[in-house]
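Rule-based calculations on the coordinates, nothing more; no lab input. For clarity, every value in this text was computed on a predicted model and none was experimentally measured. Every residue, glycine as well, gets a Cβ built from its backbone with ideal geometry; the counts of neighbours run over all protein chains shown.
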Ligand SMILES: [Ca+2]
């Protein structure tokens, strides 16, 4: 080939390459600056049941969240799939049940197969800027492609490229269980009117009504008021000041229920039910399920949140996700059931699964010989926990608390939530509920087959030592389960049961 021909071909190749690069850059820019994509702000908090004014709590002092609910929609049947941080958060971030990805034990370290990514990875691939400030706690190592910035003060939507859509999580930690018994990280002074008087609060009936438990409950309500007073306005003001409030859909929810015994770590309603407020700015109001200020009684689970965000963003939902999108163009009809799990909690093994429809709640205990409330080193530090132990030792517990503190539990529990919202009267043996019981058993069996446990034995070893027990000599150490590889039965697509 002549030198001149080579030169011409070289120039053609270079021109073609530069043109391709320029078109690619333009395409990427166009993707980033597409005006038809909303931003998403997730305001999440720790360890909180729906104890807000907008949910009808008579003691709540939460004007800012109540105002957000009045401008947005409030879900009355929103549930975490587990009552504890890491297990619930792992389901949230991948849109799958923790029991299916090996993250069901609190705590453990599982390994995600390559084809399962946090839903933020799919957002990022579509041009979203994704940040998380700061708690992750997924029970697996966070994949490198999950976040643009996944921790620290730099994890903020304001650092995105100009015009880039964002998905940003901010997690508020000062409602955590540890703050009920200890100081908060951020000091938020409350006025006399905002502070909760232990003598006047309404202690839920699943706990004994004693001065110490009243003190814990009042402190919990104070923590919520502190969040509402300082943190919520700050996060909303940032959006307004940056001029992005009219293009940002806001979610507010907690990672599971209140950080007290029989709620956090457990699968009763107090552990699984969470507040969920979603605000749609006028520009995106056509995506809202109801008018501003409405209550929505659709059943939704954390596994649905990721698919729902992808649906709202116009991104195809990967087939491996088990959740059901409840908003946006890919929304599906409302689910009939939500599911809950409880496996090892800290140093104590257990295994319970729950099925809940709009009226009934079914519990299946696979280890009924273990008490509902075994000694749990971390939780025993709460005054409420000490009070439960004291009252049990003195034989002073009755009704629901006595059932919860018994030395064993029945293999099944069934509750009619319409007349018994706190799950205090087990009707599993009541012949009037026989039909309901058998239906719930069938649904439970179906769910167990379609979302099988991934980490029962072979693929998991017991590994890393966490911390020595401080007050329970019989427990020398707490160890994490470690999944060294994905379970062998993994497939890229699910064939779920009709009801799951
Ligand atoms: Ca939590």
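Only counting other Cβ atoms within 10 Å, I'd like 156, 320, 363 sorted with the fewest neighbours first.
Least to most surrounded, the residues fall as 156, 320, 363.
How many angstrom separate the Cα center of the range 301-352 from the Cα center of the range 192-222?
That distance is 33 Å.
Based on other C-beta atoms within 10 Å, arrange 116, 370 from fewest to most.
Fewest to most other Cβ atoms nearby, the residues stand as 370, 116.
Any chance you could run the full-extension gain for residue 191 through residue 290? It's 0.36 nm times the residue separation minus the Cα-Cα distance, nm to one decimal.
32.1 nm
For the range 33-333, what number results from the quotient of the Cα radius of gyration and 2.2 N^0.38 Å?
0.96
Hey, can you rank 268-281, 425-438, 87-100 by average C-beta count inside 10 Å, highest first? Please list the in-between numbers first.
Working: 268-281: 24.2, 425-438: 13.6, 87-100: 28.1.
Ranking, from highest mean packing down: 87-100, 268-281, 425-438.
If one puts a single equal scatterer on every Cα of the range 49-189 and applies the Debye formula without solvent, what log₁₀ I(q)/I(0) results at q = 0.09, 0.14, 0.16, 0.19 Å⁻¹?
So the normalised log intensities are -0.35, -0.86, -1.09, -1.31.
How big is the gap, in Å, between the Cα center of the range 146-185 and the Cα center of the range 353-380?
Comparing the Cα centres of the range 146-185 and the range 353-380, I get a distance of 31 Å.
Fewest to most neighbouring Cβ within 10 Å: what's the order for 311, 450, 294, 49?
Starting with the residue having the fewest Cβ neighbours, the order is 294, 450, 311, 49.
Considering only the range 33-333, what is the antiparallel percent among its DSSP beta bridges, to the nearest 5?
Around 25 percent antiparallel, to the nearest 5.
Taking the highest mean first, how do the peptides 127-140, 200-213 order by number of other beta carbon atoms within 10 angstrom per residue?
Working: 127-140: 21.6, 200-213: 17.1.
Packing order, densest peptide first, comes out as 127-140, 200-213.
Over the range 33-333, what is the relative contact order in whole percent, taking alpha-carbon pairs under 8 Å and six or more residues apart?
Dividing the mean separation by the residue count of the range 33-333 yields 33 percent.
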